[in-house]
Amino acid sequence: MTILLAQHAVDAASDAADELEAGAIDYQSPRLAAAAASARGLCSSNAPITRPRWRRCVWGSAGGLSSTIRSTQAGESVTVLAAELRRQHPRWGAKRIRLELLKNPPDRLTVPSTSTLNRILVRQGLVVQRKRKRPRESFTRWQRPGPMQLWQLDIVGGVMLVDPVTGAVREAKVVTGVDDHSRFCVIAAVVERATGRAVCLAFAAALAKLGVPEEVLTDNGKQFTDRFGKGGEVLFDKICRHNGITHRLTQPASPTTTGKIERFHLTLRRELLDDHDLFTSVEAAQAAIDEFVAQYNRDRPHQALDPKRPVTPADRFTAVPPAQREVLPVWLPPTLTAALAVSADPVSDSLDDGNDEGARWESSRLIAARPPLQSNGSGASRQRGS
């Protein structure tokens, strides 16, 4: 029991120092009045406790706090609750658990800091601390200042289909897209084969539903560009050019440039595809992904948007108003227009307009796609009128 009390005391001291240093709390806060009084008793004088002095008192007295300070931030009830959430959701870390607790605060319990929750999980044997492979400072953080300014698009596999008659298993793909500012999922369309036409059909449906973004960012896949081919203009580039969308391409072998969409793929795999049974049809897979996207956009707190309070992508996303869409309709090739008219909408209804109101660490510089039919073989689009 003595060891447990001492550990709680050290946790309280560490949390106070961390939060004060980050400016998340005030050293004169009533919530910390008792701890401040205890710390004052442990300091060598009765001088007013300033922020630097408070930190020195806390850290300098951490070894003796077990008999004078109780941990109000990580009591037994919070420990049990955090451990239970982790067991129910093995993919959740301390940050996600804290955001979920803030979203649905428990009765008469103070939600502790991320560092406290992390220590709880480590002590319970639910988390194994690992050294970061690459320092966070080595990444360059970038993000568009508003929604509908940039979409990141890509294609991901992992959707396994089974033929109910023969039992044959095959893999389908998902055409995905997220808004750079809000992380709002704008495209999540399951396709049998990720052909250029299938990708453009999903892209066109998103444009018709949400409006036209200023830019799109993709890798150098042949569905998006002929940059490293014969230098012609692919269908995706043509749609971008006619709608005044700047198509940006990543440098070869630079997956971190499209880090936001890659992180969405990781979440999609972890929280849906990895543990899901085989789908019996494309329609069944699309229904499951639609349900996931609705939860991702509107209910799931996104740590990159705000690590201290629960914010969802829908809170930061705003589609182009319908009145503006009517003034300048989306241009689509006649064949795609006809296909959209007779096919089911590949974009979930959960993608409709976000609320009125966004960065993962990413590196590598963006490169603007060059106009089509250039001698260097780039197949990117141009702004309308260029």
Segment 129-260, dipole about Cα centre (Lys/Arg Cβ +1, Asp/Glu Cβ -1), debye to the nearest 20: 620
What are the ³J(HN,Hα) values, in whole Hz, obtained from phi via the Karplus relation 6.51 cos²θ - 1.76 cosθ + 1.60 with θ = phi - 60°, for each residue of segment 225-231 in sequence order, with x given for Gly and Pro? 7, 10, 4, 10, x, 8, x
Could you give the length gained on full extension between V169 and T256, defined as 0.36 nm per residue of separation minus the Cα-Cα distance, in nm? 28.2 nm
Among DSSP beta bridges whose residues both lie in segment 141-368, state the antiparallel percentage, nearest 5. 70
Quick one: net charge around P301, please, counting Lys, Arg +1 and Asp, Glu -1 for every other residue with C-beta under 10 Å from its C-beta. +2
Two-decimal ratio, segment 286-337, of alpha-carbon radius of gyration to 2.2 N^0.38 Å: 1.62
Given a Förster distance of 45 Å, the FRET efficiency implied by the Cβ-Cβ spacing of Q295 and Q129, rounded to the nearest 0.05, works out to 0.95
Multiplying the sequence separation of T280 and L340 by 0.36 nm and subtracting their Cα-Cα distance, what value in nm do you get? 19.2 nm
Take the Cα atoms of segment 76-128, build their convex hull, and give its volume per residue in Å³. 69
Globularity ratio of segment 143-247, using Cα Rg and 2.2 N^0.38 Å: 1.16
Cα-projected label distance for R193 with E84, points at 7 Å along beta-carbon direction, nm: 5.2
Estimated dipole of segment 76-128 in Debye, rounded to 20 [Cβ of Lys and Arg +1, of Asp and Glu -1, Cα centre]: 220
Per-residue ³J(HN,Hα) for segment 161-175, Karplus 6.51 cos²θ - 1.76 cosθ + 1.60, θ = phi - 60°, Hz, x for Gly and Pro: 10, 10, 7, x, 8, 8, x, 5, 10, 9, 10, 9, 10, 10, 7
Across segment 141-368, what fraction of all alpha-carbon pairs, as a whole percent, falls in each successive 10 Å bin from zero upward? 8, 34, 38, 18, 3, 0
Using the Karplus curve 6.51 cos²θ - 1.76 cosθ + 1.60 with θ = phi - 60°, what ³J(HN,Hα) values do you get for each residue of segment 179-190, in whole Hz, with x for Gly and Pro? 6, 4, 6, 9, 6, 5, 6, 9, 9, 7, 10, 7
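Values quoted throughout were computed directly from the atomic coordinates according to the rules given, and no laboratory measurement underlies them. Owing to the predicted nature of the structure, the values given are computational and were not obtained by experimental measurement. Virtual Cβ from ideal backbone geometry, glycine too; neighbours counted across all protein chains shown.
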